[in-house]
């Protein structure tokens, strides 16, 4: 298989790491995800990863009810750092070289985000895991993926979800829902199709950065997206 993208930014939700568990990190699931990333990396594709923290932070969310929003967001950022370290460890075990860069300064466990260093790591064939979102409250990890993707000069942002693309309606609730193969940013925003949050979508649209949406639970889907084969949904200008 021949990749059509040289450099990609993979957006992984924290929930993707749970597998069938109700919270936390499922070892088999993280190993399988890392295996998919390894296959793409070994084709020579440079891979950056932005990871969410919902599998950890949502587990304590009931206790955070009524909490100041900024404080809650910082807690969520710390959860992404934990996930990033788990991903790095799983990648090391799979024979992949990976580096974690955090938007929050926690030098004992992760180096701070430095754009030039991250670019060099990618060029050296390392997977760079971007933790702590943008480092600012009130912004989602979708926005972090769009921002880091632009800073790294990637060819596409690939959003891994539980669903194999973007549908006209929720396919779980509406059996008649159909999947879009291609979609424009304006259409996605106008129809509120929940591809990413509006800030992330607008950033990608303004920079003409395509977004691919696919299921991380579908074997080989990431490889097919990277190689431009029929898979998921591609959102373009």
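The values are calculated or read from the model by the stated rules, or taken from the named source; none is laboratory data. Note that this is a predicted model, so its numbers are computed, not measured. All Cβ positions, glycine included, derive from the backbone under ideal geometry; neighbour counts span all protein chains shown.
If you go through segment 136-151 and pick out every residue that is on the phi > 0 side of the Ramachandran plot and crowded, with 18+ Cβ neighbours inside 10 Å, you end up with 0.
When restricted to residues that are farther than 18 Å from residue 36 by Cβ and touching a strand residue (DSSP E or B) at 6+ places or on another chain (Cβ under 7 Å), segment 206-232 contains 3. Restricting to segment 169-200, name every residue that is touching a residue at least 40 places away in the same chain (Cβ under 8 Å) and either assigned to a helix (DSSP H, G or I) or under 26 Å from residue 134 (Cβ atoms) (or both). Residues satisfying the conditions are 183, 184, 185, 188, 195, 196, 197, 199, 200.
Residues are listed down the side, and each one gets a yes or a no for (1) surrounded by fewer than 17 Cβ atoms within 10 Å (Cβ to Cβ); (2) free of Cβ contacts under 8 Å to residues at least 60 places away in the same chain; (3) within 16 Å of the chain's Cα centre (by Cα):
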residue	(1), (2), (3)
7	no, no, yes
21	yes, yes, no
35	yes, yes, yes
40	no, no, yes
49	no, no, yes
53	no, no, yes
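Every test in (1) more than 21 Å from residue 75 (Cα to Cα); (2) surrounded by 13 or more Cβ atoms within 10 Å (Cβ to Cβ); (3) touching a strand residue (DSSP E or B) at 6+ places or on another chain (Cβ under 9 Å) is passed by residue 203 save one, and that test is (3).
A quick yes/no check of all residues on (1) closer than 19 Å to residue 147 by Cα; (2) in contact with a helix residue (DSSP H, G or I) (Cβ under 6 Å, 6 or more places away or on another chain); (3) at pLDDT 90 or above:
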{"site": "2", "(1), (2), (3)": "no, no, yes"}
{"site": "7", "(1), (2), (3)": "yes, no, yes"}
{"site": "30", "(1), (2), (3)": "no, yes, yes"}
{"site": "46", "(1), (2), (3)": "yes, yes, yes"}
{"site": "64", "(1), (2), (3)": "no, yes, no"}
{"site": "77", "(1), (2), (3)": "yes, no, yes"}
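When 122, 158, 96 are checked against the criterion of being in contact with a strand residue (DSSP E or B) (Cβ under 8 Å, 6 or more places away or on another chain), buried (at least 24 other Cβ atoms within 10 Å of the Cβ), modelled with pLDDT of 95 or more and under 24 Å from residue 4 (Cβ atoms), a single residue qualifies: 158.
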